[in-house]
Amino acid sequence: MPDYSQKSQHLLATAHLDLQIVFNEVIKTWDCTVLYGHRSQKEQFELFKNGREWDGLVWKETGVTVTDKDGYQNKSDHNYIPSRAVDVVPYPIDWKDTKRMIRFIGFVQGVAARLKAEGRITHDIISGADWDNDTYMTDHQFTDLPHFFIKL
Ligand SMILES: [Zn+2]
């Protein structure tokens, strides 16, 4: 049975209990890696600066950006304690294999739906592939495949 690395366990422990319960169930069947749990506002701002430059007035996009949340005026679900989001990808990591990542998302949400039906969690687990959780992926300009979150 697969198990999380110490780093993944540590990151998952910073997340909301429902996310911990779901991903502790997921790992029993599908090996995966936790990339992020909680992020400080400072860490968020460092990510925000990727692909952007301060032109004296505003942050101008100069390349590929990874988030539109700066951690201060615009908080990410990762910036709360406990974190309302985790970033998890199937192992081994292959960023080009987005189909496998989407398959993984379906698996995670299936596990989460069962746990919610059993009363073991109380929140829906929503994916950054489908922010409004309406099952359609074509109505989003921006997708974040590793991102799983709960709405409080
Ligand atoms: Zn995320």
If one builds a Gaussian network model of the chain from Cα atoms under 10 Å apart, the most fluctuating residue listed among Ser40, Ser83, Ser127 is Ser40
Out of Asp31, Asp97, Asp124, a Gaussian network model of the chain with alpha-carbon springs under 10 Å gives the largest mean-square fluctuation to Asp97
For segment 36-93, with all protein chains present and a 1.4 Å probe, just round the carbon and sulfur fraction of the accessible area to a whole percent.
50
Between helix 98-117 and the chain, what is the angle of the helix's C-alpha long axis to the longest principal axis, kept within 0 to 90° and rounded to the nearest 10?
60
Quick calc, Gln9 & Val66: beta-carbon distance into FRET formula, R0 25 Å, rounding 0.05, result 0.55
Part-to-part distance (alpha-carbon centres) for segment 24-87 and segment 115-145, which is given in Å
18
Taking the chain, the whole-percent share of alpha-carbon pairs separated by over 18 angstrom is 59
Where the chain is the region considered: accessible area per residue in Å², 1.4 Å probe
60
Helix 17-26 sits at what angle to the longest principal axis of the chain, using alpha carbons and giving 0 to 90 degrees rounded to 10?
60
Suppose only helical runs count, i.e. DSSP H with n ≥ 4. What mean residue ellipticity at 222 nm does that imply for the chain under -39500 (n - 2.57) per run, divided by all residues and rounded to the nearest 500 deg cm²/dmol?
-9500 deg cm²/dmol
Give the residue from Met137, Trp59, Ile105 lying farthest towards the positive end of the charge dipole for the chain; charges sit on Cβ (+1 for Lys and Arg, -1 for Asp and Glu) and the dipole is referred to the Cα centre.
Ile105
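Report the gain in length on full extension from Arg120 to Val58: 0.36 nm times residue separation, minus Cα-Cα distance, nm rounded to one decimal.
Working: separation 62, 0.36 × 62 = 22.32 nm, distance 4.52 nm.
Length gained between Arg120 and Val58: 17.8 nm.
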Extension gain (nm, one decimal) between Thr143 and Glu43, 0.36 nm per residue minus Cα-Cα:
33.9 nm
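Roughly how big is the chain's charge dipole about its Cα centre, with Cβ charges of +1 (Lys, Arg) and -1 (Asp, Glu), in debye to the nearest 20? Working shown, then result.
Working: 18 positive and 22 negative charges, 62 e Å.
In debye, rounded to 20, the chain gives about 300.
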Gaussian network model of the chain, Cα springs within a sub-10 Å range: biggest mean-square fluctuation belongs to which of Arg114, Arg39, Arg84?
Arg114
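The values are calculated or read from the model by the stated rules, or taken from the named source; none is laboratory data. Please read all numbers here as calculations on a predicted model, not as lab measurements. Heads up, the Cβs are rebuilt from the backbone with ideal geometry, glycines too, and the neighbour counts pull from every protein chain shown. For the accessible areas, the whole protein counts, side chains as well, though only heavy atoms, and no ligand, DNA or RNA atoms are used. Shrake-Rupley method; radii C 1.70, N 1.55, O 1.52, S 1.80 Å.
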